[in-house]
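Report on the structure given below.
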Amino acid sequence: MASDMNATGLALFILCSLLTSTIFPSLPDLLLRSIILSGAVLLLLGLLKFKRWGDETKYIPRFVVCFSLAMAELSIENCMVWLVSATDKRKYDNVPGLQDNLRLAIEMTYPTYPLLYRLAAARLADALTFLVALLALAFSVLWDQVPYSGFGIMSRVMATMAASRSLRVACFMSTVLPNPHPGCYQLRFPPVPDTVWETVMAGYTTIRGFGGCNDLLFSGHAAFWVLAPLAHFTYYRTRSKGSKGHSLIKASNSLLWAFLVQACLHDVVGGHHYSVDMILAVVVTWACWSWLHWVYDPVSEKLSPRNNLAPADARNPLAFMLIAVGLVAAGVIVIGGRA
């Protein structure tokens, strides 16, 4: 079990990570690079000093399977996003978007409550924000801050992402809905190739975009964002009420949910998604998270305390390699989330 000092430290780190979108871009380049380098050094030291590699090694096969499924799904999804746009019979028509009552309601508040409108429209959190919160939870095991395996936690995250986004693909491939921005296809995609094979292959060899030119039923952004509060709500609420750090942990988890709501409102106000896209993304992903509790159950697979004087387990080179691969994949997710 984590010490109160460690739990408080993780909560503070999460609170800071939620401000990355607003603070980091305004920092001088040298200072920003120094912060990133310092974080990388601290992470490397944590990995080298970590003793409980045995608890992580047993979850590596599970993580590899879940990670592979998630990466395969994302690859297929990228092609499907192109195909649904390419096969849209009205792709060259100026089809008006759907009426979004929530967006209209928020816009109506501007004359009377301009501050409320600006709060909804502001970019306070993005993919990097929620990714940092997820990684903070996974890497917190290096300092014994949560009684779980980092690979175990991320196994459930990857499995949920693969499942929820597979449902998303099934939805948007079965029913074509208009994009909130008419005329998108001509601006984003090339003409459709002559043959079916060339059309399919273009999704893997030519198209290098994130997002299509149709409404994709529920938001892929929000489906990723919600994983952070779900993971923290599940694996970072082990403290008894009244203990040191409990209030801060509760506040950090609540703030994650609040930033999720605000990020969803931002995309609705900006016309990036319909409000129904955001609602479905949260609900469907939450449902998949619940269904897949067996991937890494927080009750049955909770780790028992370990004596600090116990000898360190042997380091696993495969674990280091997977961490590096995972961080590279995380970088791709951030790029996609900001595209």
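Values as computed for the structure displayed
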quantity	calculated
Residue list for the stretch 278-307, filter: modelled with pLDDT of 95 or more, loosely packed, with under 14 Cβ neighbours inside 10 Å and of a type in the set (Gly, Ala, Ser)	Ser290
Unmet requirement for Gly212, which otherwise passes all of (1) of a type outside the set (S, T, N, Q); (2) surrounded by fewer than 22 Cβ atoms within 10 Å (Cβ to Cβ); (3) closer than 29 Å to Lys89 by Cα	(2)
Residues that are crowded, with 17+ Cβ neighbours inside 10 Å and at pLDDT 90 or above, drawn from the stretch 37-59	Glu56, Thr57, Tyr59
Count - residues of the stretch 73-112 that are part of a helix (DSSP H, G or I), among the small types (Gly, Ala, Ser) and out of contact with any helix residue (DSSP H, G or I) (no Cβ under 8 Å at 6 or more places or on another chain)	1
Answer residue from the stretch 178-198, given it is at pLDDT 85 or above and surrounded by 14 or more Cβ atoms within 10 Å (Cβ to Cβ) and is nearest to the chain's Cα centre (by Cα) among those	Val192
Within the stretch 288-320, tally of residues that are touching a residue at least 60 places away in the same chain (Cβ under 8 Å), assigned to a helix (DSSP H, G or I) and over 21 Å from Val146 (Cβ atoms)	3
Any hit, the stretch 241-254, residues being under 15 Å from the mean Cα position of the chain (by Cα) and among the hydrophobic types (A, V, I, L, M, F, W, C)	no
One residue from Ser164, Ser85 being within 13 Å of the chain's Cα centre (by Cα), surrounded by 21 or more Cβ atoms within 10 Å (Cβ to Cβ), polar (S, T, N, Q) and under 30 Å from Phe189 (Cα atoms)	Ser164
Residue within the stretch 244-261 that is surrounded by 18 or more Cβ atoms within 10 Å (Cβ to Cβ) and not in a helix (DSSP H, G or I) present	yes
Residue count, the stretch 111-137 (criterion: among the β-branched types (Val, Ile, Thr) and either under 21 Å from Ser275 (Cβ atoms) or at pLDDT 90 or above (or both))	2
Some residue of the stretch 270-277 being charged (D, E, K, R), assigned to a helix (DSSP H, G or I), under 30 Å from Thr109 (Cβ atoms) and modelled with pLDDT of 90 or more	yes
Test result for Ser68, closer than 30 Å to Ser304 by Cα, among the polar types (S, T, N, Q) and either modelled with pLDDT of 75 or more or surrounded by 12 or more Cβ atoms within 10 Å (Cβ to Cβ) (or both)	yes
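The values are calculated or read from the model by the stated rules, or taken from the named source; none is laboratory data. Note that this is a predicted model, so its numbers are computed, not measured. Reconstructed Cβ throughout: ideal geometry from the backbone, glycine too, with neighbour counts over all protein chains shown.
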